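Below is one structure; the comments refer to it alone.
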Amino acid sequence: MQEQVLFFSILLGFLITVLLSPIFIPFLRRLKFGQSIREEGPKSHQKKTGTPTMGGIMILLSIIITTLVMTEKFSEPTIKTFILLFVTIGFGLLGFLDDFIKVAMKRNLGLTSKQKLLGQIVVSIVVYFLLKQTNFSTSVEIPFTNYTVELGFFYALFIVFWLVGFSNAVNLTDGLDGLVSGTAAIAFGAFAVLAWNQSMIEVSIFSVAVVGAVLGFLVFNAHPAKVFMGDTGSLALGGAIASVAILTKLEIILLVIGGVFVIETLSVILQVASFKTTGKRIFRMSPLHHHYELLGWSEWRVVVTFWTAGLLFAIIGIYIEVWL
């Protein structure tokens, strides 16, 4: 019976998003909440201008409803459930403000980097204090070894770095139709397996609720996308997967399972560092997915390749944690 919980959670998350989308997408069009495409991006993306954005609202609603309904029915809501939803909603609200400023106030850059960072830090610090009330371990396990590193107070800084870092990493990855929807579904699916293996039922239910929600969104977000998730979705998903990794004490494994997000972020860091120090670019454009587009790959080919890489990273992450 317990195994069926995961199936029904995915199904409910999927159905909510699929049923909301035909109602919500025309509503976004009427409000003229269309995506503005950066001029410095690939020229082929200019045709996407005006595609409805802020579709992440549908993902958030699906995650929240599915998590609450399925946890109440098959498990018991705990502080972990609250933290997961708090992070998802908190980062989602930041993304919503960023999107709203872009599309409604016509400020293409949205929130300033300082405003966004401040909001992310505040949410992360609240998470630390919530965990502190539960005597949560402040140690970090080192994969491939039996060692753990006790961080003590510095675990607060670690949480801030992990939540902020991965929310921005997923945000950077969100540049092609269906790219984040697919890679997020794979990564959260892997963590659902690992959480279930630890008997963390509520964390597993949340993770598969995300899988269902983003797969439902992918129906409308696959190329050519009818809607984008915007920062509302990508920031929320990044914060959510980091919080899942923290709660399951698999923080370092996230670097493997979320390998696509890590590589995308590193491509931006390396590109900026190289250009500032040498005046030369390593990639034709960063994040990395744009580099392959400019090499002549079709958008769909890039997305499928990155999905495949994400699946391999997920398998490796599960193998490291369960069998090594």
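Overview of results
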{"quantity": "Selection status of Asn146, at pLDDT 95 or above and open to solvent by 20 Å² or more (accessible area, probe 1.4 Å)", "calculated": "no"}
{"quantity": "Output for the range 119-140, where each listed residue is more than 22 Å from Thr88 (Cα to Cα) and modelled with pLDDT under 90", "calculated": "Asn135"}
{"quantity": "Single residue of Phe228, Phe220, Phe261, Phe275 found to be over 19 Å from Gln198 (Cβ atoms), of a type in the set (Phe, Trp, Tyr) and out of contact with any helix residue (DSSP H, G or I) (no Cβ under 9 Å at 6 or more places or on another chain)", "calculated": "Phe275"}
{"quantity": "Enumeration of residues in the range 94-136 that are within 24 Å of the chain's Cα centre (by Cα) and among the polar types (S, T, N, Q)", "calculated": "Asn108, Thr112, Ser113, Gln115, Gln120, Ser124"}
{"quantity": "Residue among Ile201, Ile205, Ile246 that alone is within 18 Å of Thr78 (Cα to Cα), surrounded by fewer than 22 Cβ atoms within 10 Å (Cβ to Cβ) and touching a Phe, Trp or Tyr at 6+ places or on another chain (Cβ under 8 Å)", "calculated": "Ile201"}
{"quantity": "Sole residue being at positive phi and among the hydrophobic types (A, V, I, L, M, F, W, C), chosen from Phe144, Phe166", "calculated": "Phe144"}
{"quantity": "Per-region count, the range 80-122, residues among the hydroxyl-bearing types (Ser, Thr, Tyr), in a helix (DSSP H, G or I) and open to solvent by 40 Å² or more (accessible area, probe 1.4 Å)", "calculated": "1"}
{"quantity": "Those helices (runs of 4 or more DSSP H) lying entirely in the range 189-259 with at least 2 residues more than 14 Å from the chain's Cα centre (by Cα) and more than 23 Å from Ile159 (Cα to Cα)", "calculated": "201-221"}
{"quantity": "Residues being surrounded by fewer than 22 Cβ atoms within 10 Å (Cβ to Cβ) and out of contact with any Asp or Glu (no Cβ under 7 Å at 6 or more places or on another chain) - total across the range 221-230", "calculated": "1"}
{"quantity": "Val272 open to solvent by 20 Å² or more (accessible area, probe 1.4 Å) and either in contact with a Cys (Cβ under 6 Å, 6 or more places away or on another chain) or within 22 Å of Phe161 (Cβ to Cβ) (or both)", "calculated": "yes"}
{"quantity": "Long-range neighbours under 7 Å by Cβ, at least six apart or interchain, first residue basic (Lys, Arg) within the range 222-233, second open to solvent by less than 20 Å² (accessible area, probe 1.4 Å) and at pLDDT below 95", "calculated": "Lys226/Ile25"}
{"quantity": "Yes/no for Ile186 being under 25 Å from Val304 (Cβ atoms) and either in contact (Cβ under 8 Å) with a residue 40 or more places away in the chain or assigned to a helix (DSSP H, G or I) (or both)", "calculated": "yes"}
{"quantity": "Selection count where residues are farther than 30 Å from Asn146 by Cβ, open to solvent by 60 Å² or more (accessible area, probe 1.4 Å) and part of a helix (DSSP H, G or I), scope the range 283-324", "calculated": "5"}
{"quantity": "Scope the range 123-143; condition exposed (fewer than 14 other Cβ atoms within 10 Å of the Cβ) and in a loop (DSSP other than H, G, I, E, B); matching residues", "calculated": "Gln133, Thr134, Asn135, Ser137, Ile142"}
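The values are calculated or read from the model by the stated rules, or taken from the named source; none is laboratory data. Since the model is a prediction, treat every value here as computed from it, not as a measurement. Positions of Cβ are backbone-derived with ideal geometry, glycine not excepted, and every protein chain shown enters the neighbour counts. All accessible areas refer to the heavy atoms of the entire protein, side chains included, with ligands and DNA or RNA removed. Shrake-Rupley method; radii C 1.70, N 1.55, O 1.52, S 1.80 Å.
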